Amino acid sequence: MKYKLVYLVIDGAPDSLNDPATTLELAVKPGLDEIARRGICGAMYTVGKGIAPESDEAVISILGYDPHEVYTGRGPLEALGAGLEFREEYEVAFRANFATIDPETMKIIDRRVGRNLSTQEARELAKALDGLELGVYDGYARVVATIGHRAVVVIGSRSRKLSPMVSNNDPAYERKGLASIAVPNPKPYVEPIKPLENTEEARITAELANAFFKKAVEILVNHPVNIDRTRKNMLPANALLLRDAGGKLPHATPLGEKYKCKFAVLAEMPVEVGIGRAFGAHVIPLEPPTGDPRKDYEKRLEATLKALGNYDIVYVHLKGPDEPGHDGNVELKKKKIEDIDAYYVQPLLDYLNKYAILVTSDHATPPSRKSHTDDPVPLAFYAPGIQGDSVSRFTERECLKGSIGLLEHGWQLLPMLVEKYLS
């Protein structure tokens, strides 16, 4: 390759073009603006117009794969990222959230336990559920906590084949085939998981998943972790919301072979780690954030520069702005973007004469909507010697004026840039 590439993805940074002012427009971010000024810009629908994607589907797309062809569900990717193996046909993996519900009415009080469930607390709760016998169809469950409120649940049967074609009981995401899309203003109630196809395998899987959910609530309600949290006036993590079932891992041309280079993925969340592993990249897991943005982003930059010594494309996924977008917190989202700019992007500018940089996002998470939307995300690409276009700032509206234009699908982006500018 002519130049090594830093592929920076800032999770959920954009907002909606319908917002009077977006967070990227409000943020002070001279580093990102400098890349936009010196490079070429555009925008893209990360999966397609009308699709408000989950992160996994979007990441697969912006790595250059059509998710409609290779996607097999988020659960298997989360499981792979968490180090879990599962038996195809007899086990189905779900992404799960520890949540707070009213056990009597099934009303969801908080889908993420107030975002203050510690990873250690989640691990204790998961231990109480791991290996749970479900009482029907030789069914069992394996449960692994990952980071914060997030977990992986594998539902299995020792004797019956299962199917991933079942619905979510997390109302915030609706199943569309093997993918899920964000639901605006979802009803705050747990819905029973239902088969999405008329097969015995799907019916049995739904029954097993519902049996797990019910048993899990019974155990979690009285768990010492939750008794202690309630005593401290904190929300109890008394349920696991299940979504995005999958029964096998994707099979596709490995990233290194696809781009004829050495490809590395730096990521902190299990789903991005799982994607990197599933698509054949060298994966460099990052430590979860400590709460000190300077320290966290300096470490991520250090890991990026080290990886560039050995790899041609280094994909870096930074989470910061997505969560405050979900929470409707504009000021915190603005601060997260500014922290990434100050402690990661601006120091990276010192290497502009040596490396190419592509910066974009996996989806929009507008605080005005508190969920992912299908809005196009901005992108800026710089390589040494490239002739910049007329864009002056890294924002949704400005980047749309750039020479790349508006791409209909995220999977068009990286192959185009590699072939035109880096090969």
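Quick look at the values:
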read-out	value
When residues of the range 237-288 are limited to those that are assigned to a helix (DSSP H, G or I) and of a type in the set (G, A, S), the one surrounded by the fewest Cβ atoms within 10 Å (Cβ to Cβ)	G256
Residues satisfying the stated conditions in the range 175-215, i.e. under 25 Å from the mean Cα position of the chain (by Cα), surrounded by 13 or more Cβ atoms within 10 Å (Cβ to Cβ) and among the small types (G, A, S)	A179, S180, A182, A206, A209
Among (1) closer than 29 Å to N169 by Cβ; (2) crowded, with 23+ Cβ neighbours inside 10 Å; (3) not assigned by TED's automatic domain parsing to the domain that holds I193; (4) not polar (S, T, N, Q), the one test that Y315 misses	(1)
Of all residues making up the range 53-73, the number that are outside any helix (DSSP H, G or I), over 13 Å from V377 (Cβ atoms) and touching a Pro at 6+ places or on another chain (Cβ under 9 Å)	5
Search result, residues across the range 109-142 that are of a type in the set (A, V, I, L, M, F, W, C), assigned to a strand (DSSP E or B) and crowded, with 22+ Cβ neighbours inside 10 Å	A141
Residue that is farthest from L242 (Cα to Cα) [pool: residues in the range 118-128 that are out of contact with any Lys or Arg (no Cβ under 8 Å at 6 or more places or on another chain) and aliphatic (A, V, I, L, M)]	A128
Test: residue in the range 334-342 that is in contact with a Ser or Thr (Cβ under 8 Å, 6 or more places away or on another chain) and either assigned by TED's automatic domain parsing to the domain that holds G114 or among the basic types (K, R) (or both)	yes
Which listed residue, of G83, G50, is assigned to a loop (DSSP other than H, G, I, E, B) and within 21 Å of L400 (Cβ to Cβ)	G50
Residue list for the range 14-26, restricted to those being part of a loop (DSSP other than H, G, I, E, B) and either hydroxyl-bearing (S, T, Y) or in contact with a Phe, Trp or Tyr (Cβ under 9 Å, 6 or more places away or on another chain) (or both)	S16, T22
Matching entry among K295, K232, K215, K194 (being of a type in the set (K, R), assigned by TED's automatic domain parsing to the domain that holds E338, over 27 Å from M416 (Cα atoms) and modelled with pLDDT of 95 or more)	K295
Positions within the range 320-331 being charged (D, E, K, R) and either crowded, with 22+ Cβ neighbours inside 10 Å or not in a loop (DSSP other than H, G, I, E, B) (or both), in sequence order	D322, E323, E331
Matching residues in the range 384-411 - criterion: being of a type in the set (A, V, I, L, M, F, W, C), in a loop (DSSP other than H, G, I, E, B) and within 27 Å of the chain's Cα centre (by Cα)	F394, L400, I404
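Residue-wise test of (1) touching a residue at least 40 places away in the same chain (Cβ under 8 Å); (2) on the phi > 0 side of the Ramachandran plot; (3) assigned to a loop (DSSP other than H, G, I, E, B).
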{"residue": "E201", "(1), (2), (3)": "yes, no, no"}
{"residue": "E218", "(1), (2), (3)": "no, no, no"}
{"residue": "D228", "(1), (2), (3)": "no, no, no"}
{"residue": "T290", "(1), (2), (3)": "no, no, yes"}
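The values are calculated or read from the model by the stated rules, or taken from the named source; none is laboratory data. These numbers were taken from a predicted model, which means no experiment stands behind them. No Cβ is skipped: glycine too gets one built from the backbone with ideal geometry, and neighbour counts run over all protein chains shown.
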